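First up is the structure itself, then whatever we jot down about it.
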Amino acid sequence: MRIGILGPLVVRDASGRPVEVGGRRLRALLVRLAIDAGRPVSAARLLDDLWDGDPPGGNALQALVSRLRGAAGRDVVEHGPAGYRLGVDPGEVDAVAFERAVAAARRTDDPARRADELRRALGLWRGPALADVAEDDIARRAAARLDELRLAAVE
């Protein structure tokens with residue numbers, strides 16, 4: 001599965017077919033997990049982030065995770081003692097791939113090759129980072145960091 005957050009959310013299955021993830025909060029959950037790809041996010045943090053500091057009672061988060069698993073596949077979200085984690089390789093998230101590609105380009109001594117690698121990395125962008133949650137607090141820091149890295153790659 002590939003997850004794109006460098007623009008509007010795009011999800012593709014292993015064969016490249018689009019996966020529909022409908023609903024603002026469902027999309028926000030997937031984006032939130034993708035921001036921390038490879039790392040668990042506590043249930044308390046997710047509740048706070050997804051409900052802007054005013055989380056509902058009951059098992060709203062578990063219901064949301066269940067809906068996401070139904071839309072994108074059972075393995076898309078893993079749960080453990082430390083919280084919930086995106087169940088795909090972090091490199092399958094375009095933001096992580098972009099960061100890794102920029103870091104690799106910076107280690108390249110040949111200026112022409114570095115420029116080519118940076119152009120390929122910049123090609124991963126499809127619009128503003130985290131566009132689906134741009135107004136939410138969960139996106140501001142991550143989007144600003146990604147935008148700064150994009151600007152540095154352009155320069």
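The values are calculated or read from the model by the stated rules, or taken from the named source; none is laboratory data. Nothing here was measured: the structure is a model prediction, and the numbers come from that model. Virtual Cβ from ideal backbone geometry, glycine too; neighbours counted across all protein chains shown. The area values use the complete protein model at the heavy-atom level, side chains included, leaving out ligands, DNA and RNA. Shrake-Rupley method; radii C 1.70, N 1.55, O 1.52, S 1.80 Å.
Restricting Ala103, Ala97, Ala121, Ala112 to those that are of a type in the set (A, V, I, L, M) and over 19 Å from the mean Cα position of the chain (by Cα) reduces the list to Ala112.
So for the range 78-92 (the condition being aromatic (Phe, Trp, Tyr) and either open to solvent by 50 Å² or more (accessible area, probe 1.4 Å) or without any contact (Cβ under 8 Å) to a residue 60 or more places away in the chain (or both)), does at least one residue qualify? The answer is yes; a qualifying residue exists. Taking the criterion of being of a type outside the set (A, V, I, L, M) and surrounded by 14 or more Cβ atoms within 10 Å (Cβ to Cβ), the residues of the range 94-119 that qualify are Asp94, Phe98, Glu99, Thr108, Arg114, Glu117.
Identify the residue in the range 39-50 that is touching a residue at least 40 places away in the same chain (Cβ under 8 Å) and closer than 20 Å to Ile5 by Cα and, among all such residues, is most open to solvent (accessible area, probe 1.4 Å). Ranking the candidates gives Arg39 first.
Identify all residues within the range 121-153 that are touching a residue at least 24 places away in the same chain (Cβ under 8 Å), touching a Pro at 6+ places or on another chain (Cβ under 8 Å) and not in a helix (DSSP H, G or I); write none if there are none.
Arg126, Gly127
Yes/no matrix, rows are residues, columns are (1) part of a helix (DSSP H, G or I); (2) under 16 Å from the mean Cα position of the chain (by Cα):
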{"site": "Ser15", "(1), (2)": "no, no"}
{"site": "Arg25", "(1), (2)": "yes, yes"}
{"site": "Arg32", "(1), (2)": "yes, yes"}
{"site": "Leu46", "(1), (2)": "yes, yes"}
{"site": "Asp49", "(1), (2)": "yes, yes"}
{"site": "Leu64", "(1), (2)": "yes, no"}
{"site": "Arg67", "(1), (2)": "yes, no"}
{"site": "Gly70", "(1), (2)": "yes, no"}
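Looking across the range 51-62, just one residue is part of a helix (DSSP H, G or I) and free of Cβ contacts under 8 Å to residues at least 12 places away in the same chain, and that is Gln62.
Could you tell me which residue of the range 1-38 is least open to solvent (accessible area, probe 1.4 Å), considering only residues that are of a type in the set (Lys, Arg) and free of Cβ contacts under 8 Å to residues at least 12 places away in the same chain? This residue is Arg12.
If only residues of the range 124-151 that are at pLDDT 95 or above and surrounded by fewer than 12 Cβ atoms within 10 Å (Cβ to Cβ) are counted, the one that is nearest to the chain's Cα centre (by Cα) is Gly127.
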